[in-house]
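Data block below; observations after.
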Amino acid sequence: MTGGKAQVILSEAAEEAVKRIQKADILVGIPSYNNAKTIGQVVQMVSAGLAKYFPQARSVIVNSDGGSQDGTPQVVEQVLQENPADSFIAPASPPIEKIVTPYQGIPGKGSAFRTIFKIAEELQVSACAVFDADLRSITPEWVERLIRPVYEGSFDYVAPLYRRHKYDGTITNSIVYPLTRTLYGKRLRQPIGGDFGFSGKLAGHYLSKDVWETDVARFGVDIWMTTTALAEGYRVCQAYLGAKVHDPKDPGADLAAMLMQVMGAMFTLMEEHQTTWQQVRRSEPVPTFGVQQEVGLEPVQVNVERMVKALRQGLRDLLPVWEIILPTETLSELLPLGLKDLEEFRFPPDLWVRVIYDFALASHERVLHWEHLLKSLTPLYLGRTASFVLETKDSTAEEVEESIEALCEQYEAMKPYLVGRWR
Amino acid sequence: MSELWREVIVEAFRETAKGIGVFLPRFLLLIALLVIGVLVGWAIKALLLRILRAVRFDSISDRAGLTSALVRGGVKRAPSQVLDLIAFWVVFLFFAFAGVNILNLPAATDLMSVILRFLPHLLAALLVLLAGWLLANFFAQAALIAAVNAQFPGARLLATTVRWGILSLTLAMVLTQLGIAKEVVVAAFSIAFGGVVLALAIAFGLGGRDLAKELLERSLQERVKPGDEISHL
């Protein structure tokens, strides 16, 4: 990924705050945009976590806001003035510093992170963490889990490990986790979790990358951070955080656009790190911190019929497009899926893996306009998700995890198919 | 009398020989120019092909979607070969026109001047046609994918309508550019386009009232049905 390497310009207030603070040990960043309802609790938990678990460290909380209209920065200021961490702070502890600043650049989470990285670099911090501003289930322990492996250990990157409903995170489970694991050889279960811990060194490295005028600045920053850490040999681990509950996303959010963003970022990163991932032969577990706890998860409603209908329509109407992307063997195995009854409907894992690899190859060879290519994956993804729901409708969470593991093994076993065709 | 006949015949032969004497070198020059045109055309074609390969023109075209657009339009050659072929014919035609001019035949000269005057219009029309055809394919494909992803039942019809809408607009522009029945084309296009819009408005407004109601109801029912709670990321 390349782009213009514009200088990060911190706001005047942020520059002054950085000059005043001079140096810190830990930085926690909270990117936000119109999160007034939830950000107060996130700031409270972060403050409490820093005070409780890192009382001797000089800590800074940074809110990097994208111009919220609902008074998000004011909520942060107000919460921080109330000193929520007071009850945890030991008398001799240094106070927790705060920086509330708008970010510069293209609107998006990536630009918010860039400001956080810049402040981290200026303050020469040892460890950083970032948390989404719409979290409802964050606790002070999350801060400890994501920061300690970096601050007191030798890790550079800590990915989160959430307890999720078996049908939650289907793009992660069916594409992002298996593909990242297969390509880069590390079993990071939530590569795009949204909340991460990382070292000051890695923050500086991210900042030096020439990506801030590209899509990384808008979206895709999560997968970019994870992949960069994996592909460039940084020490990675993961930490249990419990259940992740966040503000409900916009129900009208376009699945095709979401899929395009994630897959687009993954395929672009495959181009950048092709020499690295082609040499990886197998995957290995990464160190995992914390204890996995059973947590109650609300049931999730899934309309399988509509998903299967989407695939059937794709097989009927999108064939001219898929004929350009997929080889004949893959297409000939896909076509019979449109004829199956709902209860008997199954999208075999090996066929799904071939579809993903064929899309990656088509993206590499640019056989079609890129956006069209990525968006045309949607009906196939819905078909695979429907099949997954049907296959696991009576399964426990552990059995579902086993089935995801089997899918990952399928990805790894078929990697030579991808490598052999990548020119 | 016989003297007169002889003079006439001799004069005729002399004139013919003179004519042939003037025409033959010019004709040979025409042939020579055609041969040179072929040779120079081939040389430029070969040189251009090397340059296009060096700058990876075909992979750039792949990325820009030009190759797939050509395939969809029934052109099996690579974009570099298409450009190469165009370059050859442009060079060859240049020499051919020069050759015909040398013949100095009034009809040929007139024809040449008409063709030369018409050539810019023809080139502009070809460019409009190419752009329109590429745009029609691009937007039809975008509409098809978006409609399928929205599970719109008439996705293919929508894509075909988009394709032919853009193509008919392109055709009207091409004919206007070529100056063929300009007024008729503009009037016909306006009437046809307005007519289609009016027909659709009437069809949906009156004839499709019940269908529209049913579609809206079905869409609302679909929304009420469970299935929107899954979190994909």
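A few points about this structure:
- The set of residues in the stretch B:129-158 being part of a helix (DSSP H, G or I) and at the interface with chain A (Cβ under 9 Å from one of its Cβ atoms) consists of B:F138, B:Q141, B:A142, B:L144, B:I145, B:A146, B:A147, B:V148, B:N149, B:A155, B:R156.
- Residues of the stretch A:358-370 that are facing chain B (nearest Cβ under 8 Å) and not hydrophobic (A, V, I, L, M, F, W, C): A:E365, A:R366, A:H369.
- Residue in the stretch B:97-104 that is under 22 Å from the mean Cα position of the chain (by Cα), open to solvent by less than 40 Å² (accessible area, probe 1.4 Å) and either within 14 Å of chain A (Cβ to nearest Cβ) or touching a residue at least 40 places away in the same chain (Cβ under 8 Å) (or both) present: no
- The single residue among A:V355, A:V321 that is of a type in the set (A, V, I, L, M, F, W, C) and within 14 Å of another protein chain (Cβ to nearest Cβ) turns out to be A:V321.
- Checking the stated criteria, A:S137 turns out not to satisfy the condition of being farther than 22 Å from A:R20 by Cβ, among the polar types (S, T, N, Q), crowded, with 21+ Cβ neighbours inside 10 Å and touching a residue at least 40 places away in the same chain (Cβ under 8 Å).
- Checked against (1) open to solvent by 50 Å² or more (accessible area, probe 1.4 Å); (2) within 14 Å of chain B (Cβ to nearest Cβ); (3) more than 16 Å from the chain's Cα centre (by Cα), A:A256 meets all criteria but (1).
- Residues being over 15 Å from A:L368 (Cα atoms), open to solvent by 70 Å² or more (accessible area, probe 1.4 Å) and of a type outside the set (D, E, K, R) - total across the stretch B:135-158: 5
- Odd one out for A:R148, checked against (1) in contact with a Lys or Arg (Cβ under 8 Å, 6 or more places away or on another chain); (2) open to solvent by 20 Å² or more (accessible area, probe 1.4 Å): (1)
- Scope the stretch A:34-54; condition touching a Pro at 6+ places or on another chain (Cβ under 8 Å), open to solvent by 20 Å² or more (accessible area, probe 1.4 Å) and free of Cβ contacts under 8 Å to residues at least 60 places away in the same chain; matching residues: A:Q44
- Condition check for A:G383: assigned to a helix (DSSP H, G or I) and surrounded by fewer than 21 Cβ atoms within 10 Å (Cβ to Cβ): no
- Verdict on A:L373 being within 14 Å of chain B (Cβ to nearest Cβ), open to solvent by less than 10 Å² (accessible area, probe 1.4 Å), within 26 Å of the chain's Cα centre (by Cα) and not acidic (D, E): yes
- Residue match in the stretch A:332-343 (condition: in contact (Cβ under 8 Å) with a residue 12 or more places away in the chain, within 24 Å of A:Q190 (Cα to Cα) and assigned to a helix (DSSP H, G or I)): no
- Qualifying residue in the stretch B:161-170 (condition: open to solvent by 40 Å² or more (accessible area, probe 1.4 Å), basic (K, R) and over 30 Å from A:K375 (Cα atoms)): no
The rows are residues; the columns are (1) touching an Asp or Glu at 6+ places or on another chain (Cβ under 6 Å); (2) part of a strand (DSSP E or B); (3) open to solvent by less than 10 Å² (accessible area, probe 1.4 Å).
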| site | (1), (2), (3) |
| --- | --- |
| A:K98 | no, yes, no |
| A:P107 | no, no, no |
| A:F113 | no, no, yes |
| A:I116 | no, no, yes |
| A:A120 | no, no, yes |
| A:Q124 | no, no, no |
| A:E144 | no, no, no |
| A:D168 | no, no, no |
| A:T180 | no, no, yes |
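The values are calculated or read from the model by the stated rules, or taken from the named source; none is laboratory data. This structure is a prediction, so every number in the text was calculated from the model and none was measured. Neighbour counts run over all protein chains shown; Cβ positions are idealised from the backbone, glycine included. Protein only, heavy atoms only, side chains kept; ligands, DNA and RNA dropped before computing areas. Shrake-Rupley method; radii C 1.70, N 1.55, O 1.52, S 1.80 Å.
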